[in-house]
Structure formats: C-alpha cells, structure tokens
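Data block below; observations after.
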Amino acid sequence: MKKVISVLLTLVLLFTICVFETSAEDEITDYPIIIVPGYSASMLKYVDENGNEQNVWGISGEMILELLENQLKHIGKDTNKEELADAVEADLTDWLEMLKVKDDGTSLYPIENYFTTAEECCSANLMKVYTNGEVRHEVEIQALLAEYVGYENIFNFMNDFRLGAEDCAGRLDKFIQSVKEYTGKDKVNIYSLSHGGQVTATYLSLYGYKQDVDNAVMVVPAIGGAGIAYDMLTERLSFREEDILTFIQHGFMWEDDYDWLLKAQKLGFLDDLVNDVLIPLIREYLGNWGSLWDFIPTEYYEDAKKQLLDPEKQAGLIEISDRFHYEILANMSQSLRDCQEKYGMNLTIVAGADIPIITGLNESSDAIITLNSSTGATCTPYGERFADGYTQVNPCDGKNKVAPNMTCDLSTAYLPDDTWVVSGLYHGMVNMDDFTREIVIKNTVMDKYNDVYTSPDYPQFHATSNPSHAVFAEFDNSVEGFADKNDTKFIIKNVCREDSVKILAVSFGGCDIKVNVNGADYLKPGESAEFEIEGTLPEVGKKLITATVTYISKGSVTPFGQRTFSYTLNNGEAVEYVGENALLNTPQGEKNVIESIVNPTVKTLAQFIRIFIDIFAYWIQTAFVQ
C-alpha cells in the first residue's frame, strides 16, 4: 500500500510540474515583436534621379573617428574659437544640408530608409548580412527577447526621425500591417525606447482602435518631449559635466567613481564649443525638423515658437506641431487608457528620475527626458521635494502615488498603475539595471507584471541598482522606499559585479534611529548584510527620512563613497502639510552648503572632508555602544 501511495504521489507531483511548466510557457505571447528605436537610430539615404544612392545618416565608427581627427588638431591650450568654428562648419554643412526639412515640415530632398518592409527589417534576415549588430536596434535587449521568441520574430522599425511624431506614427502603422502580413499574426508586441516611446504613444493614440497591439512597453519614453531639445533650440545649453561622466559610468557599469575627476576641473569649454559652433548649425539646418519641435515640452512650446518660428513662413510646420501638442498630447492620458480598457492592450511605462537634464534644464529626469514628459506625473524641480504631509492630486482609489523621496506624484500620470519610476536610472540604461530589465523584457513577451502591484519585489518606485552605485539599502519589512513600525532591520546590499564593499558608517536624517556597522565584513558582489535598528521611528506618516551609507570599495581607484537613500514614513497619522517645497534629501529644509561652493577644487575637497567627518561622527556615536 505504501508503494502505491508513493507512486500516486510521484505521479501527482510530476503532473503538477508539467502543468506548471506548460502554464508558464503559455504565458509567452505568440506575437512578433517590433523594436521602435530611439532618436536617429535609423539609417537614411538620398536617391537621385538616376537611382544613385548616397548615405546621409547612419554614422559609422570610421566616420566619427575621421570627424574627431579633423577637429582635434584645432583644439589645444590656445584654441582659436573662430578657427574651430570654421573647421566644424566645413565638415558638417554638406552633410547637414541633405537633412534639411522645408518650412511645411516635409523633407527638402528625396530621403529614404535603407529598409522598409517586414522581410527586410526582420532581425534574422539582417543578421545574415550584418553580423556585428549594425542596423538592428537595441541589440542587447534583442538578444534577451530572442531567448523567448527567436530573432525570426523580432522586427526593426526603420523611421525618418526628422519628421513629426504624427507622421512617424503613420509610418509605424504601415509597418505593423507589413509585419502582420509577413508573419500571419493578427497582433504584434512593441518594445520602444525614448523617441520611439513618443512615436509608440502617438501611434496608440491615433491607431489604437485597430487593436493591432497586444503588449506595448515604453522605456524612458519622450512622450511629452525632451528637455534637451528646448535647451538646444533656445540656446540655453549649459553642460553639467559631472552628470555627463556619471552617465558614461552607468553605461559602462564602471565601479570606480571617476566623476571625482570632473569635480576637480572646470570644463566650461564644452558649453562654448556647442553654443558657439554647433547650435547655430543645428538651428540653420535642422530648425524645421518636426521631431525637434515635438520634443519641446508643452510648457516651453509657445515661448520657443515666439523666439524661433515665423508664423507665416513656417505655418505648415507650426500647424503640425500645434496639432501634436494641443490635440494628440493633450488627450494622451485618455487615449492610452482607452487602449487598455476598450481594446484590451497591456501597456507599460518605465522612466528614470532624480537626475537633472545634462544640458541645463533644472527638472527631474533621466538626464535626457524629463520625468513629467515620460510619465505625465506632477514633479518638483530638480533638487526639491514636496513638503512632509503632501497629498497626491488624484485619489487613485486610495493607492499611494507619491514617490518615497517626495519628488513626483504619479496620480496625474498617463498610466498611474502601469508606470514604474526608477530613481537614478540614466537614459537608455535599462539593460544595466536588473530591476528594470526584468520588467521590460517580461512585459514585452508575456505581460508578467500586469500592473505595479503584481509583485512586491517590483514596486512602483525603485532606486536603481546599477553597479556604479556600489550599494543599495532598504528596511526589512516595508515596500522599498518606505518604513514603518514593523521594520526591525536595515539591509545593505553590494550591487557591484566585481568589487567587494565594506560599510563604514550609516547616518539617518529626520529620525533618531541608528545601526551599528562596526566590525562588518566586506560584502562580496551581490551579498547583503542586515543590521539591527536601534531606537524608534517617529509615529507619523508622510514624513521623509534619509539614510546615508558611507562605504569603501576594495580594489577601486576611488575607494571611498557615499549614497543617500530617501524613505517615506508610514508609521501613524500624516504630518500637517503646509503646502511648501523643501530641498531634496534635507527634511529640515536646510541647504547643503557644499553644493553652493562654486570653485570645483574646493568643492571636491569639501566633499572628501564631509565623508571623513561622517565616518568620524559615526565612530564617536557608536564606539561605546554595548
């Protein structure tokens, strides 16, 4: 009898496993995936009346090196700006001339994409000719998607990115029909990035009623524009060199903190180079690009029009961009929700936050696209936050939509329950962050995370775990970014992939708790340590507290580092909201005096001194703890 029971149990177990595996496999949709790329990703060619082709966009590595080689000889200690301007203009004018757009928003020259049909744009076919990833979009993401559907089911949308979002959306609609016909499928899935997110959102707004899309994922999308375009067209451009290098660090996942190099130098020559040389060329040759005008956020649009567009001469361009800003974009929230509720689509938005625009605009962004433009959220200026006790604009059925660091309110977002905000996520760095990569890949192929409440491991608000940040920290029993009376431990993880990290000190702001990290061992890559919380969290809600983690990396050329995390207390009645903004990460409303230091060398020294003072203060505080 025991043997019979054992056999029956084994059969039941095997049946359960098989059912589970079949169910999981069935979750993967049987639809082809279209990659809608970021700005300028598609190759363009000019075809003359005799059928001769000339490449006008699709810059090769050799082309970049040649341009750099021509310009570097003009850049030195005693650089002559006029000489440099002449050299740049000589190299670029012929090329930019071919990319001109007329005053009515249409191309001046007969410009085409190299590939247009589904068969031509199928990744499996392109890989037979272009073996190193050329031509295909988002090759690293494609490789991950191909593990589920194969390259034969991935298609690259080739676009004339100079034209307005409405025109691009029409081209995407035609491409979707081509893919459907080529594959024999009745729907497609879309993975879109940046400008591709704007094109996808516009497509969904205008053509969603066709019900040709099952899943659409928009990653760091420029739905409402890109702050960098406003800075460039209106000559407000002022590079934030430190943020540019951090951007690069995140892209290469460097674990050495090289931004110290820029903190100690003044690289203002970049501003002069771009403002004096490149901006005039951009305005002369690219000033009628509809895409650049659709990139102007609505709040800056009228001002830019008054500065740069002639209402009579450029009436055609104005008509196109007005329609995008005041008809399509103004109704975007309702259009996207109709796609979900009426047409059964699964839509996902993932956006970066809490980084200033690298060209100067002082708004929370992913360095390129403002958070408001990506999501429709109500956001504070970069460096500021909502005051304690802030109440979100829309109730959202009682669901909290305010970020833990109180810098954005997603209750006004296009898709409040389907938008993930990742603090510290730089533009295009999705593949470098495990959290965001999981969401976008799974929601493209299977819609695994139906909304931000599907999994407690993937909450709506997240602080990026890019290895360049070295450490990540959260409380043990609360959703990431929040804290309450149930939390008894503070967890710190080493997110590096190579370096070991030792925690030197942890200091909390806005509350009287502490943790003892004395004697903590080095954490290997991926390892976490739990520290008991001493003291009591304030019995209030909607109050910001912070934790600053000071650490040392073994083997790094810049060993000492700090990272500050923000948390919202949910530990009692909400504190009274006085309706005023306070500065980010300073709950008492006090300015960080180091940030106000102008001299970069002095500022760097002050930041190093601050780290050592924090370590010393922590040691004094905990030296005699029993």
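Couple of notes before you dig in:
- Inter-label distance, nm, simple model (7 Å from Cα along the C-beta direction), Leu278/Lys102: 3.0
- Listed pairs Lys342/Lys493; Lys401/Lys442; Lys399/Lys442; Lys185/Lys448; Lys128/Lys174; Lys128/Lys442 exceeding 31 Å between Cα atoms: Lys342/Lys493
- Local charge for Thr117 was computed over the other residues whose Cβ lies under 11 Å away, with Lys and Arg +1 and Asp and Glu -1, and equals -2.
- Globularity index of the range 280-389, i.e. its alpha-carbon radius of gyration over 2.2 N^0.38 Å: 1.26
- Amide H contacts under 5 Å for Leu504: Thr550, Tyr551, Ile552, restricted to partners 5 or more places along the chain or on a different chain, H placed in the peptide plane at 1.01 Å from N.
- Peptide ranges 286-294, 147-155 listed from the most packed, as the mean C-beta count within 10 angstrom indicates: 286-294, 147-155
- Working from label points 7 Å from Cα in the Cα-to-Cβ sense, the Glu134 to Ser528 distance is 4.6 nm.
- In Hz, Karplus ³J(HN,Hα) per residue of the range 373-390 (6.51, -1.76, 1.60; θ = phi - 60°; x = Gly, Pro): 5, 6, 10, x, 6, 7, 10, 8, x, 4, x, 10, 9, 5, 5, 3, x, 4
- Difference of contour (0.36 nm per residue) and Cα-Cα distance, Leu92 to Asp303: 73.1 nm
- Under 5 Å, built H, 5+ apart or other chain: amide partners of Glu363: Ile357, Tyr382
- Ascending count of other beta-carbon atoms within 10 Å, so fewest first, for Ile279, Ile34: Ile279, Ile34
- Mean Cβ count within 10 Å, highest first, over the residues of peptides 341-352, 525-536: 341-352, 525-536
- Three-way shape label, the range 454-542, alpha-carbon gyration tensor, a/c 1.5: oblate
- Label-point separation, Glu181 to Asn477 (7 Å along Cα→Cβ), nm: 6.2
- At full extension, Thr488 and Thr564 could sit 25.4 nm farther apart than now, given 0.36 nm per residue minus the alpha carbon distance.
- Legend: calculated FRET efficiency, Glu438 to Asn50, from the Cβ-Cβ distance at R0 = 30 Å, rounded to 0.05, equals 0.05.
Throughout, read-outs are computed from the coordinates displayed, never taken from laboratory work. Treat the numbers as computed from the prediction; the structure is a model and nothing was measured. Note that each Cβ is placed from the backbone with ideal geometry, even for glycine, and that neighbours are counted across all protein chains shown.
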